[in-house]
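Let me begin by presenting the structure, written as structure tokens, before commenting on it.
The values are calculated or read from the model by the stated rules, or taken from the named source; none is laboratory data. Small disclaimer: the values here were computed from a predicted structure and weren't measured. Here the Cβ positions follow ideal geometry from the backbone for every residue, glycine too, while neighbour counts run over all protein chains shown. Surface accessibility is based on the protein's heavy atoms, side chains included, excluding ligands, DNA and RNA. Shrake-Rupley method; radii C 1.70, N 1.55, O 1.52, S 1.80 Å.
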Amino acid sequence: MPLAGPVPASPYPDPVEAIRAFNRMYTRSLGLLNHGLLGSRFSLTEARVLYELAQQDGATATDLSRTLGIDMGYLSRLLANFSRSRLIKRTRSAGDARSSSVRLTPDGHAAFESLDRAARDQIVSLIQPMTVVRREELLTAMRSMRRILEPYERENSYFLRPVRLDDLRPIIERQGALYGREYGWDESYRTLVADILGNFVKTFEPKHEAGWIAERHGKMAGSVFVMRASASVAQLRLLYVEPKARGLGIGGRLVRECIGFARAGGYGTLTLWTNDVLVAARRIYEDAGFQLTKQEDHRRFGKHLVGQWWELEL
């Protein structure tokens, strides 16, 4: 479990290394490093998704992404594999044609029940040799860890969902306000965002274009779009993250979602245009593998800026 920022004083010489050592011991003890969890053909993530599907009858992919904190693109590929293996079935939602419920098939239930039995047997074999006192010490320590860590997990949690029509006006308003406050850009930037999203709605091609919203505590925490530039080129547009949600990896995850979508859609290149003053965004693009291909001075949004074009070969 990574720790960010300064670490407070501790009676232990290195609390970070102590936690990492515990994680290594724990994952080794439960065999989480093996290729298949509990001797099965499933990875840890696949087993966790099977568990959630067994608990939630008719969960949507968005529900699963929110509950587990899994990247939506990665989850979609995992569910596609489950579907090919006939472990799940999808039912189109009557209230929203864009959404479908996911349920375990009889084969899926059998796979989950086998994993569930193996997991229980593993824990029984772990605690059975312990005395009653030792077992209670273990459970008390685990309760303490949950009590301490759960507030931090809730505070930093977020999930991605597809953009909706009623998200567009808030995106326009928030981007206009944030870039105005943080960089002194004038109202022409808000107008540009409105024009981009207006064209997105008019010419929307579901197979070739998409947008995502990051939600945190029930509020929009960021957004991004992939738009068709040509048959072979997609464009990443309008990435932003709310100030209070920065530092949680939301920007990087939104960009990875765009990359996964563009690759799955058969594009050869993902391109974007930004400005050099957007340092944090440029760092995300570099980390994702984008290459700076061109830059030039210009005056827009009431400022002298350096525009930059970046590309990622898919």
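Count the net charge of all other residues whose Cβ sits under 9 Å from the Cβ of residue 306, scoring Lys and Arg as +1 and Asp and Glu as -1. Walk me through the numbers before you get to the answer.
On the way: positive: none; negative: 276, 296, 297.
Value of the local net charge: -3.
For segment 266-282, in order, what is each residue's ³J(HN,Hα) by Karplus, 6.51 cos²θ - 1.76 cosθ + 1.60 with θ = phi - 60°, in whole Hz (x at glycine and Pro)?
Each residue of segment 266-282 in turn: x, 5, x, 9, 10, 10, 7, 10, 8, 10, 5, 6, 8, 4, 4, 5, 4 Hz.
Rounding to the nearest 20 debye, state how big the charge dipole of the chain is about its Cα centre with +1 on each Lys and Arg Cβ and -1 on each Asp and Glu Cβ. Walk me through the numbers on the way to the answer.
Working: 45 positive and 36 negative charges, 100 e Å.
Dipole magnitude for the chain comes out near 480 debye.
What order do 217, 298, 109 take when sorted by accessible area (1.4 Å probe), most exposed first?
Solvent-accessible surface, decreasing: 217, 109, 298.
Only one of the values [x] 23.1, 74; [y] 21.9, 69; [z] 25.6, 73 was calculated from this structure for Rg and Dmax of the Cα atoms in Å; name its label.
The listed entry that was calculated here is [x].
Return one number: the angle in degrees, 0 to 90 and rounded to the nearest 10, between the long axis of the Cα atoms of helix 132-156 and the longest principal axis of the Cα atoms of the chain.
10
Out of the trypsin sites (Lys or Arg not before Pro) in segment 110-153, which ones are loop residues according to DSSP with at most 11 other C-beta atoms within 10 Å?
On the way: sites: 117, 120, 134, 135, 143, 146, 147; in loops: none.
Listed in order of number, the matching sites amount to none.
So in the chain, what percent of DSSP beta bridges are antiparallel if you round to the nearest 5? Could the numbers behind the result be given before it?
On the way: 40 of 43 bridges.
DSSP beta bridges in the chain are roughly 95 percent antiparallel.
Amide H to amide H under 5 Å from residue 242: which residues, 5+ apart in sequence or cross-chain, H placed 1.01 Å off N in plane?
Amide H neighbours of residue 242, under 5 Å, 5+ apart: 222.
I'd like the Karplus ³J(HN,Hα) series for segment 53-60: coefficients 6.51, -1.76, 1.60, θ = phi - 60°, whole numbers in Hz, and an x wherever there's a Gly or Pro.
Here the 3J(HN,Hα) series is 5, 6, 8, 10, 6, x, 5, 8 Hz.
Rounded if a/c is under 1.5, else prolate if a/b beats b/c, else oblate: with a ≥ b ≥ c from the C-alpha gyration tensor eigenvalues square-rooted, which is segment 69-228? Before the final figure, lay out the partial values.
Details: a/c = 4.21, a/b = 1.67, b/c = 2.53.
Here segment 69-228 falls in the oblate category.
Where a ≥ b ≥ c are the square roots of the eigenvalues of the C-alpha gyration tensor, would you call segment 191-245 rounded, which needs a/c under 1.5, or, failing that, prolate if a/b is larger than b/c, or oblate? Could you put the intermediate results ahead of the total?
Details: a/c = 2.25, a/b = 1.88, b/c = 1.20.
Judged from the Cα gyration tensor, segment 191-245 comes out prolate (a/c at least 1.5, a/b above b/c).
Need one word for segment 117-202: rounded, prolate or oblate. Basis is the Cα gyration tensor (sqrt eigenvalues a ≥ b ≥ c); a/c below 1.5 gives rounded, then a/b vs b/c decides.
On the way: a/c = 7.29, a/b = 3.04, b/c = 2.40.
Judged from the Cα gyration tensor, segment 117-202 comes out prolate (a/c at least 1.5, a/b above b/c).
Hey, if we sort 101, 76 by accessible area with the 1.4 Å probe, largest down, what's the order? Spell out each step's value before the answer.
Numbers: 101 25, 76 55 Å².
Accessible-area ranking of 101, 76, largest first: 76, 101.
In nm, give the distance between the simple-model label positions of residue 148 and residue 128, each being 7 Å from the Cα along the Cα-to-Cβ direction.
According to this spin-label approximation, the distance is 3.2 nm.
Can you put 40, 232 in order of accessible area, largest first, using a 1.4 Å probe? Mind dumping the intermediate values first?
On the way: 40 35, 232 60 Å².
Per-residue accessible area, sorted high to low, gives 232, 40.
Which angle between 0 and 90 degrees, to the nearest 10, do you get for helix 15-29 versus the longest principal axis of the chain when only C-alpha atoms count?
Here the helix axis deviates by roughly 60 degrees.
Using the Cα centre of the chain as origin and beta-carbon charges of +1 (Lys, Arg) and -1 (Asp, Glu), tell me which of 272, 127, 211 is placed farthest towards the positive end of the dipole.
Result: 127.
With springs connecting C-alpha atoms under 10 Å apart, model the chain as a Gaussian network and identify which of 230, 144, 83 has the largest mean-square fluctuation.
Per the Cα network of the chain with a 10 Å cutoff, 144 tops the list.
Computing the accessible area with a 1.4 Å probe over protein heavy atoms, can you report the carbon and sulfur percentage for the chain? Numbers along the way, then the final one.
Values: 10080 of 18840 Å².
Carbon and sulfur together cover 54 percent of it.
Give the angle, between 0 and 90 degrees and rounded to the nearest 10, that separates the Cα long axis of helix 72-84 from the longest principal axis of the Cα atoms of the chain.
60
Excluding ligands, DNA and RNA, what is the solvent-accessible area per residue of the chain at a probe of 1.4 Å, expressed in Å²? Don't jump to the answer; show the numbers that get you there.
On the way: 18840 Å² over 314 residues.
That works out to 60 Å² for each residue.
State the answer as a single residue: which of 43, 148, 21 lies farthest towards the positive end of the charge dipole of the chain, with beta carbon charges of +1 for Lys and Arg and -1 for Asp and Glu, about the Cα centre.
43
Taking the Cα centre of segment 173-312 as the origin, how large is its charge dipole in debye, to the nearest 20, when only Lys and Arg (+1) and Asp and Glu (-1) carry charge on their Cβ atoms?
Details: 20 positive and 16 negative charges, 55 e Å.
In total the dipole reaches around 260 debye.
Report the local net charge at residue 53: Lys and Arg +1, Asp and Glu -1, summed over other residues whose C-beta lies under 15 Å from its C-beta.
Values: positive: 48, 66, 86, 89, 90, 103; negative: 46, 52, 57, 63, 107, 113, 116.
Summing Lys/Arg as +1 and Asp/Glu as -1 gives -1.
From the phi of every residue in segment 38-44, what ³J(HN,Hα) in whole Hz does the Karplus formula 6.51 cos²θ - 1.76 cosθ + 1.60 yield, where θ is phi - 60° and glycine or proline is x?
In residue order, the calculated couplings are 6, x, 9, 8, 9, 6, 4 Hz.
Which lysines, on any chain, are close to residue 202 with Cα under 29 Å apart, when same-chain ones fewer than 8 places away are left out?
219
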